[in-house]
Amino acid sequence: MENEGRMSLTLADALVAGGVLSEEQREKALRLARQSKGQFADAVVKLGFCREEDIAVAVAKQQNIPYASRENKILKAEKGQGLEKVIPESYARQNCLLPLFQDEGVLAVAISDPDNVLLLDNLKLLTGLEIQPFIATKTQIIKTIDEFYLGGNVIDRTLGAKPAEEEAAAEETGGEERLNLDQVAAYAHGAQAITLVNAILKQAIQERSSDIHIEKFDERVVLRFRIDGVLYERTPPPRAMFNAIVSRLKILSRLDIAERRLPQDGQFSIKVQNRVIDLRVSICPCVFGEKVVLRLLDKGAVELDINKIGLEARQRDDMLEAARRPHGLFFMTGPTGSGKTTTLGAILHAIRSPEINIMTIEDPVELKIEGINQVQVRSNIGLTFASALRSFLRQDPDVILVGEVRDQETAQTCLRAALTGHLVISTLHTNDALSCVVRLIDMGIEPFLLANSLQLAAAQRLVRLLCPHCRKPAKVPPELAAQVVRDALLEQPPDPASVVFYEPRGCEKCARTGYVGRKAIYEVYKIDAAMREIIYRHGGDLARLRQAAESSGMWSMRASGFRKAVAGLTTIDEVMSVTVLD
């Protein structure tokens, strides 16, 4: 305990001397460390006085020890030196350290606590080498351990001693690439490709990725994961393994491994820790080779409770009221990837009942819901949205969901179904909810028929949610805070000066991004008598429609987003980045 106190005071003095902490902040952190019987550094970070990086830099300067980070490119283990054998993975994780390189009997090791003399002595005995410590943060060390022992090491084992599979699988003759199918199939079924593909999928699932991008360029291969809507680069597989990886994914998706000139789409499923994850595979031929995109759909992670998807109480009630009507049109709009499928799945999940017959035609069927008859589009055999919809009308349906209205034929068939006593729910790709009126009229729908059948138009976007463990208060100008509170259109608006807005910081629980997960923000417009009159007499006059919606107390998507910012769930910048002013 005396040693811990000496170390804490030494670190405290270093942070004060470096201008990272004030005297008052140091005393508060010391008190918290004593009360919780924890480390001073953890107390400083928990109180929000500084970041882990600030502490590491201050200690590095004070003790004249090199600072290693992912940003300065020092915190990475050299490949080909057998470092994973010098320091086993279990020992590295247990002591939060990473071997960096070895040279002439000296082993460089990244550690977070350079005062831990016992650890340095044990490392010298374990390795038989002199130890050169580098200072790094715990968070970055842990992340790099994952990449080195799980990522890089798996890739090295997969490659083995021969990195020339690509050249063996495809020989260039006379300027044209000749594909050796027997060799490509052999490498795709081999342990190397299987292990590497499994490692990529495992890491993507662990990081909550929604998409995996594997791309080949002139000199390198790029691997990217989309996490909470943003793409992040990850350690790529070797260029020599690219063809084997693509072929392996084609085999899993039951695609043609010989076809490399045309786009192909497929799918397969994997089971991870009792969770079934569906993967949609899209392969597109590019200049330097095929680009692969995998969309991951974790069935267990999809939220189908309509009370938990982000709707405000009034928006939820308006949606359910429209979804329980005996007939009419219900449109959900938004760009690809904005969560429309999840919202419609939650609505169907809420209204399903043995007393009503619900049928869907989708491309593809992403969410399989018990008690609902779902049909997959198969354009190659003539099963399109329009043809399936015509067949549905002979199946005695009460509710029909059409995955997307793409053309005039589908739009007119939806309208006829709505006018003949069915509720039709569908999606459109428009920038906002009321623009669906303009789009449908452009598709040839008569305004007087649309006015009689349209029940509700809604739109949505996804905003990233702040990590609750590390978010920090943001300095928001008073005039901006007042505008946000005003534009949120809250029933009982608070005093803007009393509202605490937040911004991201980054911690180990959110992989240093500052965000964890996403939530939808909506605009929901129930078509009332005034709006029907506008559609009937003025067609797609958006200005009149918006004015009528505001007069009836409905609010825009930006207002919905600002409500979440006022509640501390997301940031003002995040809301403004995904919404557009009217």
Select from region 24-62 the residues that are open to solvent by 40 Å² or more (accessible area, probe 1.4 Å) and among the β-branched types (V, I, T) and list them in ascending order. V45, V57
Mind counting the residues in region 430-446 that are open to solvent by less than 20 Å² (accessible area, probe 1.4 Å), assigned to a loop (DSSP other than H, G, I, E, B) and either more than 22 Å from W555 (Cβ to Cβ) or not hydrophobic (A, V, I, L, M, F, W, C) (or both)? 2
The number of residues in region 498-519 that are part of a loop (DSSP other than H, G, I, E, B), open to solvent by 50 Å² or more (accessible area, probe 1.4 Å) and at pLDDT 90 or above is 1
Name the helices (runs of 4 or more DSSP H) wholly inside region 30-89 in which the number of residues that are of a type in the set (G, A, S) is 1 or more. 40-46, 52-63
Considering I572, I527, which residue is out of contact with any strand residue (DSSP E or B) (no Cβ under 7 Å at 6 or more places or on another chain), open to solvent by less than 40 Å² (accessible area, probe 1.4 Å) and in contact (Cβ under 8 Å) with a residue 40 or more places away in the chain? I572
Just a yes or no: is a residue in region 445-453 touching a helix residue (DSSP H, G or I) at 6+ places or on another chain (Cβ under 7 Å) and at positive phi? no
Condition first: more than 26 Å from the chain's Cα centre (by Cα) and among the β-branched types (V, I, T). Can you find one or more residues in region 314-334 that meet it? no
In region 477-497, residues that are touching a Lys or Arg at 6+ places or on another chain (Cβ under 9 Å) and assigned to a helix (DSSP H, G or I) total 2
Cβ-Cβ under 7 Å pairs, at least 6 apart or on other chains, region 273-289 side closer than 24 Å to N243 by Cα, far side among the aliphatic types (A, V, I, L, M) and open to solvent by 80 Å² or more (accessible area, probe 1.4 Å): P285/L262
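Per-residue answers, yes or no, for (1) in contact with a Lys or Arg (Cβ under 7 Å, 6 or more places away or on another chain); (2) in contact (Cβ under 8 Å) with a residue 12 or more places away in the chain:
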position: R471; (1), (2): yes, yes
position: K475; (1), (2): no, no
position: T513; (1), (2): no, yes
position: Y522; (1), (2): no, yes
position: G540; (1), (2): no, yes
position: L545; (1), (2): no, yes
position: S577; (1), (2): no, no
Find all pairs meeting these conditions: Cβ atoms under 6 angstrom apart; at least six residues apart or on different chains; first residue within region 248-271 and farther than 14 Å from P285 by Cα; second residue in a helix (DSSP H, G or I). R248/A188; R248/A193; R248/V197; I251/A188; F268/L252
Identify all residues within region 290-342 that are part of a strand (DSSP E or B), out of contact with any Cys (no Cβ under 6 Å at 6 or more places or on another chain) and within 22 Å of S552 (Cβ to Cβ); write none if there are none. G328, L329, F330, M332
Considering only region 316-333, state which residues are within 11 Å of A457 (Cα to Cα) and either open to solvent by 10 Å² or more (accessible area, probe 1.4 Å) or not hydroxyl-bearing (S, T, Y) (or both). D318, M319, A322, L329, F330, F331, M332
Yes or no: region 251-267 includes at least one residue that is within 30 Å of L462 (Cα to Cα), aliphatic (A, V, I, L, M), in contact with a strand residue (DSSP E or B) (Cβ under 9 Å, 6 or more places away or on another chain) and outside any loop (DSSP other than H, G, I, E, B). no
Among the numbered criteria (1) open to solvent by 60 Å² or more (accessible area, probe 1.4 Å); (2) within 16 Å of E508 (Cβ to Cβ); (3) touching a residue at least 12 places away in the same chain (Cβ under 8 Å), which single criterion is violated by T139? (1)
Verdict on L456 being open to solvent by less than 20 Å² (accessible area, probe 1.4 Å), over 30 Å from A567 (Cβ atoms) and not small (G, A, S): no
In the list L15, L11, L100, L21, which residue meets the criterion of being in contact (Cβ under 8 Å) with a residue 12 or more places away in the chain, part of a loop (DSSP other than H, G, I, E, B) and crowded, with 19+ Cβ neighbours inside 10 Å? L21
When residues of region 459-497 are limited to those that are open to solvent by less than 40 Å² (accessible area, probe 1.4 Å) and in contact with an Asp or Glu (Cβ under 7 Å, 6 or more places away or on another chain), the one farthest from L569 (Cα to Cα): A459
Top-ranked residue in region 344-394 [being charged (D, E, K, R) and under 27 Å from the mean Cα position of the chain (by Cα); ranked as surrounded by the fewest Cβ atoms within 10 Å (Cβ to Cβ)]: E370
If we ask which residues in region 334-343 are touching a Leu at 6+ places or on another chain (Cβ under 7 Å) and open to solvent by 40 Å² or more (accessible area, probe 1.4 Å), their number turns out to be 1
Subset of region 211-259 (residues that are open to solvent by 30 Å² or more (accessible area, probe 1.4 Å) and among the polar types (S, T, N, Q)): T235
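The values are calculated or read from the model by the stated rules, or taken from the named source; none is laboratory data. Fair warning: this is a prediction, and the values are worked out from it, not measured in the lab. Every residue, glycine among them, receives a Cβ derived from its backbone with ideal geometry; neighbour counts consider all protein chains shown. Accessible surface is based on the protein model in full, side chains and every heavy atom, while ligands, DNA and RNA are left aside. Shrake-Rupley method; radii C 1.70, N 1.55, O 1.52, S 1.80 Å.
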